[in-house]
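The values are calculated or read from the model by the stated rules, or taken from the named source; none is laboratory data. Everything numeric in this text was worked out from a predicted model, so none of it was measured. Reconstructed Cβ throughout: ideal geometry from the backbone, glycine too, with neighbour counts over all protein chains shown. We work out accessible area using only protein heavy atoms, side chains counted, and drop any ligands, DNA or RNA first. Shrake-Rupley method; radii C 1.70, N 1.55, O 1.52, S 1.80 Å.
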Amino acid sequence: MSKETVLISGGAGFLGSHLCDWFIGHGFKVIAVDNVITGSLRNVAHLKANKDFKLMKQDVIKPFKVSGPVHYVCHFASPASPVDYMNHPLATMLVGSYGTHNLLELARAKKAVFLMASTSEIYGDPLVHPQVEGYWGNVNTIGPRSIYDEAKRYAEAATFAYKRAYKMDVKVVRIFNTYGPRMQIKDGRVVPNFIDQILNHRPLTIYGNGKQTRSFCYVDDLVDGITRLLLSKMTGPVNMGNPREFTILEFAELIRKKYNPKAKIIYQPLPQDDPKQRRPDISLARRELGWEPKVALEDGIGKTMKWFAENK
Ligand code: UDP
């Protein structure tokens, strides 16, 4: 039987590279497409010699061609951390708009299933808590985070427009804060920052008073959810994340207690429009996909810490 092919934009990124591993491990061919602005070739170096893996260095903002059959197109290309997307504002908006169109067109031409990696950021600074898929969000359209939030909202709209216009099989996953090996240590997010600070004996930086909340999902759990969605009959949008919610101060205390009780905490200004609370309602994914996260934060942070210590 010939193998099915999955094309993953952002395939050299944090989530994209873990998806490449999963599909190669489950008997698929993979085409990873990446311009490597925030991804890293190191993330897929171990797949280079695999005959079922192909890497295309390509910016998906520009139309591109792929030869041969493609059965699934997964659009994971985008700067994803607030620091990264604010450093690449136009690239972020363009990959969410032109990039999404180019990948939708590719999926249409190949008669492939299309999966859009959306985000909890489409809920903005949410007024409904926990966030359910039916909530339309609270985004400042001209704020500093809007480049990412609106690009992803647009990408969801484009995905559904193609579904309506061309009856395409599409899927949308809204990804909440996810962490694990292969994040960029300097991407500015709270997990790599705290790990970097612990490993280098520096104080933990808390932005604002630390009462804002987030819920952290280990990457293996997320990959399990995304691949279930892709291979299911479901369209979504569907939330995926870990529903265990922490204040950032609680999260810092958990890390400090486990790794260095003497580590200091310092407070720094809260970035503009930083969401005050975030926790996914995952009832839909539980019911439709039988999915829920399994990795406890303590274990996932341990694995991530070990990886960063070994891959400095
Ligand atoms: N944050 C923090 N210290 C850091 C980095 C981030 O207190 O060194 C806070 C940030 O203000 C936000 C939360 O941690 O409230 C999560 O930030 P992150 O950048 O990881 O992702 P976000 O959920 O905001 O996209």
Practice task
For Lys312 and Thr141, compute 0.36 nm times the residue count separating them, minus their Cα-Cα distance, and round to one decimal in nm.
Solution key: 57.8 nm
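When the accessible area of the range 172-270 is split by element with a 1.4 Å probe, what percent falls to carbon and sulfur?
Details: 2200 of 4050 Å².
Summing carbon and sulfur atoms, their accessible area is 54 percent of the total for the range 172-270.
Work out, in µm²/s and without decimals, the Stokes-Einstein translational diffusion coefficient of the chain at 37 °C, 0.692 mPa s, Rh from Kirkwood over C-alpha pairs. Please report the intermediate quantities before stating the final value.
Details: Rh = 19.7 Å.
It diffuses with D of about 167 µm²/s by this estimate.
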Practice task
Take the Cα of Lys186, step 7 Å along the line toward its Cβ, and report every residue of the range 84-114 whose backbone nitrogen sits under 16 Å from that point.
Solution key: 84-88
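What ranking, highest mean first, results for peptides 121-128, 135-142, 92-99 when packing means the other Cβ atoms within 10 Å averaged over each residue?
Details: 121-128: 20.5, 135-142: 13.6, 92-99: 22.1.
Peptide ranking by packing, descending: 92-99, 121-128, 135-142.
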Exercise for the section: Would you mind checking the range 54-83 for residues with the amide N under 13 Å from a putative spin-label position 7 Å along Cα→C-beta of Val36? Expected result: 55-59
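Quick check: with the 1.4 Å probe, what order do Phe23, Phe14 take by accessible area, largest first?
Phe14, Phe23
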Practice task
Please arrange Arg287, Arg145 by accessible surface area, largest first, computed with a 1.4 Å probe and ligands excluded.
Solution key: Arg287, Arg145
Handout entry: Relative pair counts by distance (%), Cα atoms of the range 54-95, 5 Å bins
Key = 5, 18, 26, 21, 14, 10, 5, 1
Handout entry: Highest-MSF residue in the chain out of Gly13, Gly208, Gly300 [GNM, Cα springs under 10 Å]
Key = Gly208
Completion exercise
Heavy-atom accessible area of the range 25-131 with neighbours in place, 1.4 angstrom probe: carbon+sulfur share in percent works out to 59 percent
Handout entry: Label point distance in nm, Ser232-Ala45, each placed 7 Å from Cα along Cα→Cβ
Key = 3.7 nm
Problem - Spin-label zone in the range 210-230 - amide nitrogen under 19 Å from a point set 7 Å from the Cα of Arg244 along the C-beta vector - result: 212-225
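Is there a quick way to get the dipole size of the range 212-288? I mean about its Cα centre, with the Cβ of Lys and Arg at +1 and of Asp and Glu at -1; what is the value in debye to the nearest 20? Mind showing how you got there, number by number?
Values: 14 positive and 10 negative charges, 55 e Å.
I would put it at about 260 debye.
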Practice task
Given the options Lys262, Lys276, Lys62, state which has the largest fluctuation in a GNM of the chain using a 10 Å cut-off (strictly under) for Cα springs.
Solution key: Lys262
Exercise for the section: Determine, from the Cβ-Cβ distance of Asp52 and Ser283 and an R0 of 30 Å, the FRET efficiency 1/(1 + (r/R0)^6), rounded to the nearest 0.05. Expected result: 0.25
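How much length is gained if the chain between Lys211 and Lys3 is pulled fully straight, taking 0.36 nm per residue apart and subtracting their Cα-Cα distance, in nm to one decimal?
On the way: separation 208, 0.36 × 208 = 74.88 nm, distance 4.87 nm.
Difference between extended and current length: 70.0 nm.
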Exercise for the section: Give the cross-link partners of Lys233 among the lysines, using a straight C-alpha distance below 28 Å as the criterion and excluding same-chain residues fewer than 8 apart. Expected result: Lys3, Lys29, Lys54, Lys65, Lys110, Lys111, Lys152, Lys163, Lys167, Lys171, Lys294
Handout entry: Whole-Å semi-axes of the range 81-198's equivalent ellipsoid (Cα gyration tensor)
Key = 27, 17, 14
Problem - Mean-position separation - Cα centroids, the range 164-218 and the range 1-30, in angstrom - result: 22 Å
Handout entry: Accessible surface, the chain, averaged per residue in Å² (probe 1.4 Å)
Key = 45 Å²
Exercise for the section: Could you work out the relative contact order of the range 7-68, using alpha carbon pairs under 8 angstrom and six or more residues apart, expressed as a whole percent? Expected result: 35 percent
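If I stretch the segment between Asp196 and Trp22 completely, what's the gain in nm (0.36 nm per residue apart, minus their alpha carbon distance), one decimal? Intermediate results must be reported in sequence, preceding the final value.
On the way: separation 174, 0.36 × 174 = 62.64 nm, distance 2.71 nm.
That pair, Asp196 and Trp22, stretches by 59.9 nm at full extension.
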Handout entry: Projected label distance in nm at Tyr154 and Asn260, using a 7 Å step from Cα toward the beta-carbon
Key = 4.2 nm
